[in-house]
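Since the structure comes first, as structure tokens, the remarks are kept for the end.
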Amino acid sequence: MSRLAMFAALTALAVTRALAAPTAVTTHGPASTSLDGGILAGDVISGKIATELAGDTGWHGANSDPLDKLPAFTDDAGMRGTGLTGLLNDFPAAGSPAKRIQYDLAGATDLAKIQILSGNNGKDGRVFSTTLISTSTNGGTSFTPLGYFQSDPSGTMNAGAIGSTLVEIAESGGGPLASDVTNLRFEFFAVDNTGGQMRDPFDGVNPYTGADDGLSAAFVSPLILEVDVLAVPEPATCVLLACAAAAAARARRRTGRGS
Ligand SMILES: [Ca+2]
Ligand SMILES: [Ca+2]
Ligand SMILES: [Ca+2]
């Protein structure tokens, strides 16, 4: 390959990668339950209980109801009556997650979307979320980072206006977010400094953004109310009208009424 052709190929690859990137969209609600309508039910991890990985720091001491712990992430519901649902442990070390968990899927799955719902009746900095997501395609032998997703820019303040935060992560190019995924890892970080101010979990440069937000590392953790993982509908190429037409054709063949 000539140097020019090589350059063109590399440029095309760079463009492809630039176009194909996970993109996160954040929505806020005024109450902890305002965004419950966005929770996905019957998704890929509904009802699954995650495995806690090395480095997981457990739960906040106030979170004592078992149903507010791992089951809460995948129960297809939001904040429970306790008001402590999904409350993670505070004071993780700077740069380290508060919680590290893994979901093992039933089989290789193409993913369309991942959602993370957080919130707090107290409407403070715990409503934000910062999550590192990684995926495996080989049964968990190795993982590849999908992305670092901070719900809001560092410095964002919340003092009573925001009760819930939904981060929706999808592929900006319109294709699958990830293909042939067998296992997913979520690492949830602290988000706040007790002052209601979103900040990243690092002192100095954040290795995932390449930027220093100029704020000391967060140490107050969020309440993770739900984690949704949506599969690409099968077959992946079947769009609504084409599916309907195909189903109608099959029905006609079955009943012998022409093609
Ligand atoms: Ca769900
Ligand atoms: Ca920082
Ligand atoms: Ca839940």
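A short reminder: the numbers here are calculations on the coordinates, not readings from a lab. Fair warning: this is a prediction, and the values are worked out from it, not measured in the lab. Cβ sites come from the backbone with ideal geometry, for glycine too, and all protein chains shown count toward neighbours.
Full extension of the chain between Thr27 and Val205 yields a length gain of 61.4 nm, computed as 0.36 nm times the residue separation minus the alpha carbon distance. For the range 115-164, taking the reciprocal of the average inverse distance between every pair of different Cα atoms yields a Kirkwood hydrodynamic radius of 12.6 Å.
Partners of Lys113 within straight-line reach, counting aspartates and glutamates whose Cα lies under 16 Å from its Cα and excluding those fewer than 8 residues away in the same chain: Asp43, Asp76, Glu168, Glu171, Asp180, Glu226, Asp228, Glu234.
All Cα-Cα separations within the range 65-145 were binned at 10 Å from zero, giving a P(r) of 13, 43, 34, 10, 0, each value a whole percent of the pairs. Classify the range 32-109: rounded, prolate or oblate, from the alpha-carbon gyration tensor (a ≥ b ≥ c, eigenvalue square roots; a/c under 1.5 rounded; otherwise prolate if a/b is larger than b/c)? Judged from the Cα gyration tensor, the range 32-109 comes out oblate (a/c at least 1.5, b/c at or above a/b). The alpha-carbon of Lys69 sits under 18 angstrom from the alpha-carbons of these lysines, leaving out residues fewer than 8 places away in its chain: Lys48, Lys99. Would the range 179-233 count as rounded, prolate or oblate if I go by the C-alpha gyration tensor, calling it rounded below 1.5 in a/c and otherwise prolate when a/b exceeds b/c, oblate otherwise? Since a/c reaches 1.5 but b/c is at least a/b, the shape of the range 179-233 is classed as oblate. FRET efficiency for Asp212 and Glu234, Cβ-Cβ distance as r, R0 = 35 Å, nearest 0.05? E between Asp212 and Glu234, to the nearest 0.05, is 0.20.
Computed with the Debye formula from one identical point scatterer per Cα of the range 87-195, without solvent, the log10 of I(q)/I(0) at q = 0.09, 0.18, 0.19, 0.21 Å⁻¹ comes to -0.27, -0.93, -1.00, -1.13.
With R₀ set to 22 Å, the beta-carbon distance separating Ser46 from Leu67 gives a calculated FRET efficiency near 0.90. Kirkwood radius for the range 31-166, taken over all pairs of different Cα atoms as the inverse mean of 1/r, rounds to 16.0 Å. Please label the shape of the range 48-88 as rounded, prolate or oblate, based on the square roots a ≥ b ≥ c of the eigenvalues of the alpha-carbon gyration tensor (a/c under 1.5 means rounded; beyond that, a/b larger than b/c means prolate, else oblate). Oblate is the answer for the range 48-88, as a/c is 1.5 or above yet b/c matches or exceeds a/b. Taking label points 7 Å from Cα along the Cα-to-Cβ direction, Ala108 and Leu53 give a separation of 2.1 nm.
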